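Read the structure below first, then the notes.
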Amino acid sequence: MPTPHHHPTHDMPIQPQAASPRTGGPRAGWTRLLWPLLAAACMAGCATSAPEQHLLALPTPALPDKASAPAQANDTRWLQVGRLEIPEYWQSRAVRYREGNEVKTWDNTVWAERVEVGLTRNLAIELEHALPTPWRLCPQRCDGSARRPVRLLISLAPMDYDRHTQTLSAWAQWTLIGAEGQALRTSSQALQSTGSGSQAAAQTDAMAGMMKAVADLVARDVPLLPASATERLDAQHRQ
């Protein structure tokens, strides 16, 4: 019988196979451990919401008693209130105040409406209380009035609220404008109003107090206007 030939064999080192992405390995094991941690961190971050924003508005003065208000008559003098002018840094949703030479912002607090809109509304309500007879505020645009209306323009600049003293200071200037656009009377005065309460609420209290002071000053001036400023619209036709 033929003797079988044995082929020599060589010992070959066994090379480790790289772990496939599906079977894993040391790196894949770490990844499996990290995923739950990352998911938990994401859920915690999503559950943490931004700080709540508090809406701030001026306190509304007591509304005038319409039942006791005089009915419209031919001798009623009409006053139309224009929107107040205020410094630019007040024209923002942020509620700002002054601390020394710095302008700062109350934390997590924003205005519920434009500052000049709220101030103008408060002033109009205070004027309804303060104006002497026969002066009244124009309903809407003074449509249907028997006399020439007078327009009121007010500027509060500069105007700053000091947080430490809770005091609002402003240079107020008000002008009464005739129907032809002419300035009938211009006055100005430095004003201060101190608020009560805490935090930003004291600032709105001081602002409301200043609107009452401005209304009282305007009510003092309107009787000093010349009679021709509010003449009857049919005066020329009767001549």
Point to revise | Accessible area expressed per residue, the range 142-186, with surrounding protein chains retained (probe 1.4 Å, Å²) | key: 47
Check your understanding: Average projected area of the Cα convex hull of the range 81-209, in nm²?
Key -> 9.0
Exercise for review: For the range 167-216, divide the Cα radius of gyration by the Kirkwood radius and give the resulting Rg/Rh value with two decimals.
Suggested key: 1.16
Review point. Measuring from label point to label point, each 7 Å out along Cα→Cβ, what is the ALA227 to GLN182 span in nm?
Key: 1.7
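The values are calculated or read from the model by the stated rules, or taken from the named source; none is laboratory data. Fair warning: this is a prediction, and the values are worked out from it, not measured in the lab. Backbone-built Cβ (ideal geometry, glycine too); neighbour counts: all protein chains shown. When the accessible area is computed, the model is the full protein with side chains, heavy atoms only, and any ligands, DNA or RNA have been set aside. Shrake-Rupley method; radii C 1.70, N 1.55, O 1.52, S 1.80 Å.
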